[in-house]
Amino acid sequence: MAIQYDFDLFVIGAGSGGVRAARMAAGKGKKVAIAEVSDLGGTCVNVGCVPKKLFVYASQFPELFRASQGYGWNIQPSQEFNWQTLRNNKTQEINRLNAIYQNLLTNSGAQIIKGRACLKGPQQVSIKGQIYSAENILIATGGWPYIPEFEGSELAISSNEMFSLEHLPQRAVIVGGGYIAVEFAGILNGLGVTTDLIYRGDRLLKTFDPQCSEKVTEGMIAKGVNIHLKTEVSSISGQKNNLTVHLNNGQSIDAGIALYATGRKANTKGLGLENTAIKTQANDAIMVDKYFQTAEPTIYALGDVIDRVQLTPVAIQESMLLLEQLYGDSKPQMDYDNIPTAVFSQPELATVGLSEQQAKDKYSHIKVYQSDFRPMFETLGQGEGRVYIKLIVDTDTDRVVGCHMVGDHAAEIIQGIAIAIKAGATKANFDQTMGIHPTIAEELVTLK
Ligand SMILES: Cc1cc2nc3c(=O)[nH]c(=O)nc-3n(C[C@H](O)[C@H](O)[C@H](O)COP(=O)(O)OP(=O)(O)OC[C@H]3O[C@@H](n4cnc5c(N)ncnc54)[C@H](O)[C@@H]3O)c2cc1C
């Protein structure tokens with residue numbers, strides 16, 4: 001007789017990956033539980049993509065107010081910004097999304113179990129003292145911000161706290177050079193906070209095409225962010241809301257907050273991995289094979305906790321492939337090539353495919369097409385904004401293998417280009433495509 005389990009699938013973590021997996025499995029008639037220690041929707045909904053983008057929108061208004069004057073409007077620059085209104089409206093919107101997630105899960109038939117889940121064995125999970133058995137377990141516990149330990153590090157905050165600040169400081173120090181640091185620098189600067197970005201490296205956004213990170217850096221400086229490269233924080237003193245950040249070059253900055261955006265680690269603390277055969281990497285990320293199976297054959301893991309590509313659509317796609325594999329007819333593998341991504345910095349950066357250097361390493365002959373121009377909006381708007389576009393072509397096949405863009409609407413534009421690149425479009429296909437005039441994007445089909 002077959003062994004009876006409480007559930008066919010027990011999902012740990014109701015974030016981007018976990019929710020999709022639980023809903024789909026329940027939709028296929030499986031008995032599913034999903035455990036969540038915090039709010040439904042995970043990082044993306046509660047302290048990531050969604051609230052961040054709302055804050056980005058909020059921070060763009062002062063530039064629009066300024067530009068509006070050239071277009072005949074008489075609007076005074078925003079002096080009346082109210083942080084509490086933005087924060088509370090954001091929270092209301094997130095609560096609405098949390099409720100939608102609750103309905104989606106409940107309507108699919110998945111059972112939501114609130115609390116911190118701990119693995120007790122290859123097919124056992126415990127929550128608040130109760131043990132549940134499951135044929136398979138999926139770990140989708142995401143990541144957690146990492147702040148290094150140093151003198152005064154307890155005074156630093158992470159991106160998690162940025163979404164619920166009681167007051168907006170007059171001055172903020174942000175530490176880090178990755179996308180979260182750069183995005184928050186744009187948000188705070190746009191909201192009128194004097195912003196200092198401290199980074200120990202010599203180039204922000206170092207995993208992106210160098211010209212693009214350079215354009216973002218130039219744009220941020222033009223908008224007023226104080227960028228300190230090759231600089232480190234040696235200590236923080238003072239008390240909450242009233243800090244002094246000491247730098248290794250002898251300078252110090254008085255600031256209301258010190259935001260550390262210095263990386264994230266896989267969220268495996270207290271998960272009970274020691275009760276299983278699961279193996280982890282040095283950065284705590286769970287090791288899985290190409291089918292998301294851990295060293296414990298009944299347990300799978302995906303999303304940020306496996307640290308492949310830390311993006312919401314990737315976690316969702318990994319879930320769909322896992323579900324097909326577990327309960328469908330095929331065994332598809334994840335294709336991590338040509339994943340488009342954006343940094344909602346100001347100016348915005350978006351990219352798909354290979355950087356110039358990666359293309360040089362991979363192909364014998366490449367050609368790079370570039371354009372750097374002032375978009376039409378800035379003419380009457382009288383702003384300094386520019387657009388930079390770079391297209392990389394493998395000349396042996398004429399295929400476009402990378403497209404990078406800095407400037408307004410970059411993310412919206414690159415999403416469309418990603419379809420073309422995924423479909424194997426050639427430079428000739430780009431050239432044969434009619435532009436939409438007058439737009440920023442038409443430049444992509446007229447690059448010579
Ligand atoms: C500031 C910020 C901005 C971001 N912006 C973007 C963006 O613009 N675009 C984009 O694509 N991605 C963005 N991301 C990344 C994106 O949020 C993640 O890639 C995505 O949320 C990963 O989904 P996941 O399912 O792996 O984990 P998560 O969404 O992190 O969900 C994990 C869930 O598991 C829960 N959990 C953890 N341990 C346990 C336990 N033991 N028991 C029960 N529950 C547990 C957590 O509470 C959490 O709800 C951003 C991230 C951050 C931090």
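Angle between the Cα long axis of helix 179-190 and the longest principal axis of the chain, 0 to 90 degrees, nearest 10? Compared with the principal axis, the helix lies near 50 degrees. The HN-Hα couplings worked out from phi for segment 398-407 by the Karplus form 6.51 cos²θ - 1.76 cosθ + 1.60 (θ = phi - 60°) are 6, 6, 7, 10, x, 9, 10, 8, 10, x Hz, whole numbers, x standing for Gly and Pro.
Between the amide H of LYS265 and those of TRP144, TYR146, distances stay under 5 Å, these residues lying 5 or more places away or on another chain, with hydrogens modeled in the peptide plane.
Computed on segment 346-400, with alpha-carbon pairs under 8 angstrom and 6+ residues apart, the relative contact order is 36 percent. What is segment 292-343 by shape, rounded, prolate or oblate, if you read a ≥ b ≥ c off the alpha carbon gyration tensor as root eigenvalues and call it rounded for a/c under 1.5, prolate for a/b larger than b/c, and oblate otherwise? The shape class here is oblate. Once you order the gyration tensor axes a ≥ b ≥ c over the Cα atoms, which shape class does the chain get: rounded for a/c under 1.5, otherwise prolate or oblate by comparing a/b with b/c? Oblate, because a/c is 1.5 or more while a/b does not exceed b/c. Computed with every protein chain present, the accessible area of LEU326 is close to 40 Å² [probe 1.4 Å].
I'd like the distance separating the alpha-carbon centroids of segment 17-47 and segment 302-327, in whole Å. Between the Cα centres of segment 17-47 and segment 302-327 lies a distance of 12 Å. For segment 1-123, the number of Lys pairs with C-alpha atoms closer than 29 Å, counting only pairs eight or more positions apart or on separate chains, is 11. Please tell me the relative contact order of segment 94-160 in percent, rounded to the nearest whole number, where contacts are Cα pairs under 8 Å and at least six residues apart. Dividing the mean separation by the residue count of segment 94-160 yields 14 percent.
Post the alpha-carbon centroid distance, segment 349-380 to segment 110-133, in whole angstrom. Measuring centre to centre over Cα atoms gives 48 Å.
Proximity of backbone amide H atoms, modeled 1.01 Å from N, is registered between GLY238 and THR244 at under 5 Å, excluding neighbours fewer than 5 places apart on the same chain.
Across segment 324-416, the mean sequence separation of Cα contacts (distance under 8 Å, 6 or more residues apart), normalised by length, yields a relative contact order of 31 percent.
Considering all C-alpha pairs of segment 233-341, those separated by over 16 Å amount to 69%. Distance between the 7 Å Cα→Cβ label points at THR446 and ARG96: 3.9 nm. Here segment 194-216 is scanned for amide nitrogen atoms under 15 Å from the site 7 Å beyond the Cα of PHE65 along Cα-to-Cβ, giving 194. Here the 3J(HN,Hα) profile of segment 81-96, calculated from phi with Karplus coefficients 6.51, -1.76 and 1.60 at θ = phi - 60°, is 5, 10, 4, 4, 5, 4, 4, 5, 5, 4, 5, 4, 5, 5, 4, 4 Hz, Gly and Pro shown as x.
Computed over the chain with a Gaussian network model linking Cα atoms closer than 10 Å, the most mobile of PRO375, PRO62, PRO297 is PRO297.
With springs only between Cα atoms under 10 Å, which of ASN338, ASN267, ASN103 fluctuates most in a Gaussian network model of the chain? Checking each option, the largest mean-square fluctuation is seen for ASN103.
Between 0 and 90 degrees, the angle of helix 210-223 with respect to the longest Cα principal axis of the chain falls at about 60 degrees. 3J(HN,Hα) couplings calculated from phi for segment 18-35 with the Karplus curve 6.51 cos²θ - 1.76 cosθ + 1.60 (θ = phi - 60°) are, in sequence order, x, 4, 4, 5, 5, 4, 5, 5, 5, x, 8, x, 7, 8, 10, 10, 9, 9 Hz; Gly and Pro show x.
For the cross-link pairs LYS427/LYS448; LYS290/LYS331; LYS362/LYS390; LYS206/LYS269, the ones whose C-alpha atoms lie over 20 Å apart are LYS206/LYS269. Amide H contacts of ILE174 (H built 1.01 Å from N, in plane; Pro and chain starts excluded): ASP196, LEU197, ILE198, LEU259 sit under 5 Å, all sequence-distant by 5 or more or on other chains.
Note on LYS265: lysines with a C-alpha under 18 Å away, same-chain residues under 8 apart excluded, are LYS279. Where Lys and Arg each count +1 and Asp and Glu each count -1, what net charge lies around SER252 among other residues with Cβ under 14 Å from its Cβ? Neighbour charge sum, excluding SER252 itself: -3.
Rounded, prolate or oblate, given the Cα gyration tensor of segment 1-73, with a/c below 1.5 counting as rounded? It is prolate, given that a/c is not under 1.5 and a/b is the larger ratio.
The values are calculated or read from the model by the stated rules, or taken from the named source; none is laboratory data. What you are looking at is a predicted structure, and each value in this text was computed from that prediction instead of being measured. No Cβ is skipped: glycine too gets one built from the backbone with ideal geometry, and neighbour counts run over all protein chains shown. Remember, those area values only see protein heavy atoms, side chains included, never the ligands or the DNA or RNA. Shrake-Rupley method; radii C 1.70, N 1.55, O 1.52, S 1.80 Å.
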